[in-house]
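*Asks:* The following block contains the structure, expressed as structure tokens.
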Amino acid sequence: MSYLAVENALKRFGPSFTALDGVSLSVERSEFFTLLGPSGCGKTTLLRAIAGFNDLTSGSIRLDGADLLAVPPHRRDIGMVFQDYAIFPHLTVFDNVAFGLKARKVPAAEVKTRVSQALASVHLASMAERLPAAMSGGQQQRIGLARAMVINPRLLLMDEPLSNLDAKLRIELREEIRDIQKQVGIATIYVTHDQEEALAISDRICVMSAGKIEQVGTPQEIYGDPQTRFVAGFVGTLNTLAPGAETDHLVSALGLMPTAGTVWTVRPENIGLAGSGMTGEPLTGTVRKFTYLGREAHLQVATPVGDIVAQISNPSRTIALEAGAETTLIVPRDGLMAFDAAGRRVTGR
């Protein structure tokens, strides 16, 4: 039996908007599980239903075998970390973290021990007596994390906790969050629209769109083996080949079978330059743009199958393709992905 089980969750707002449309998923004990998708896809609505802030129109949520919907929010033993920190500016760091324990009538000596441990885990032990206003955004978010964990929750929910931080700090703090979660072993559900963030920290990812689940899998499965065109395009960059005779010719030359209604795609990193040693079918075109980024270069080429972006790893310093130059790309057979008219992955072609 799964630790957390959501079955056929349906949430309607008014007569015309369905935020969750029959969502079913499971989260294992100690798992870091991420809900990933664009704004409005239903991920925060689902998180709030688990927390008890939203009622479901229908469906069930069970935690460790018990019906969670029958339990009021304040008795669910769920820790929550919000996007906007949600800390009390007039309380010290210590008192912010201790707030939930005092509300639960935990003895003062135990409060001191548990708060000290929680602050140490988020590297704030030396700042216990400071006021939050004098601290950085990253430090304030660490306060929120410590406060959520100090109650020893059965489940930790995180709603885009890093979105208000700058890029460098987001990377730094997401690694800390993952390390802390591994140490304490709390089942965690993390909401984000940032694909890189999801890939970096998750045990499994649930990609959502328009209130439905597109795919659940490990980061490697989501990126490397997307089951829908939406997942392939949302998680990573995707070239879509223009339908027509030229694409059919390329597909056939690679020993694949072109079929009416099939959309053929290829990721930029799966395309090489002629002479790179990559095996596949040559595709000649005209350079539109060349961007050198050190560890990689991005090459946009106008070809008979449409504009194609290639990502060249470890480019030679001698590669400098000017706009208007002719170049030849190599498209490998195993780099192509096919999707049917409904957007589902087609295999075995």
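The values are calculated or read from the model by the stated rules, or taken from the named source; none is laboratory data. Computed from a predicted model, the values in this text were never measured in an experiment. With ideal geometry, Cβ positions are generated from the backbone for all residues, glycine too; neighbour counts draw on all protein chains shown.
*Asks:* Within the range 147-183, work out how many residues are closer than 15 Å to Ser30 by Cβ and surrounded by fewer than 15 Cβ atoms within 10 Å (Cβ to Cβ).
*Replies:* Matching residues across the range 147-183 total 4.
*Asks:* Then there's this: I want to confirm something. Restricting to the range 54-66 and keeping residues that are outside any loop (DSSP other than H, G, I, E, B) and within 16 Å of Val27 (Cβ to Cβ), which single residue is farthest from the chain's Cα centre (by Cα)?
*Replies:* Our first condition is that a residue be outside any loop (DSSP other than H, G, I, E, B); within the range 54-66, this holds for 58-63, 66.
Right, trim to within 16 Å of Val27 (Cβ to Cβ) and you get 59-63, 66.
Values: Gly59: 25, Ser60: 24, Ile61: 22, Arg62: 24, Leu63: 23, Ala66: 28 Å.
It comes out as Ala66.
*Asks:* Considering each of Glu31, Glu129, Glu110 in turn, give the residue that is charged (D, E, K, R) and within 28 Å of Asp194 (Cα to Cα).
*Replies:* Numbers: Glu129 fails: within 28 Å of Asp194 (Cα to Cα); Glu110 fails: within 28 Å of Asp194 (Cα to Cα).
Just a single option satisfies the conditions, and that option is Glu31.
*Asks:* Is it the case that the range 18-41 has a residue that's free of Cβ contacts under 8 Å to residues at least 24 places away in the same chain and among the charged types (D, E, K, R)?
*Replies:* Scanning the range 18-41 turns up no residue that is free of Cβ contacts under 8 Å to residues at least 24 places away in the same chain and among the charged types (D, E, K, R).
*Asks:* Shifting gears a bit: Assess whether Phe32 counts as being more than 19 Å from Arg76 (Cβ to Cβ) and surrounded by fewer than 21 Cβ atoms within 10 Å (Cβ to Cβ).
*Replies:* Numbers: more than 19 Å from Arg76 (Cβ to Cβ): yes; surrounded by fewer than 21 Cβ atoms within 10 Å (Cβ to Cβ): no.
Considered against the rule, which asks whether it is more than 19 Å from Arg76 (Cβ to Cβ) and surrounded by fewer than 21 Cβ atoms within 10 Å (Cβ to Cβ), Phe32 comes out as no.
*Asks:* Within the range 166-181, is there a residue that is within 23 Å of Thr44 (Cα to Cα), modelled with pLDDT of 95 or more, assigned by TED's automatic domain parsing to the domain that holds Leu155 and out of contact with any helix residue (DSSP H, G or I) (no Cβ under 8 Å at 6 or more places or on another chain)?
*Replies:* Within the range 166-181 (the criterion being within 23 Å of Thr44 (Cα to Cα), modelled with pLDDT of 95 or more, assigned by TED's automatic domain parsing to the domain that holds Leu155 and out of contact with any helix residue (DSSP H, G or I) (no Cβ under 8 Å at 6 or more places or on another chain)), the answer is no, since none of the residues qualifies.
*Asks:* Go through the range 211-287 and tell me which helices (runs of 4 or more DSSP H), entirely inside it, have 1 or more residues that are over 30 Å from Lys43 (Cβ atoms). Don't jump to the end; show me each part of the working.
*Replies:* Values: elements: 219-224, 229-234, 245-253.
Fully inside the range 211-287 and qualifying: 245-253.
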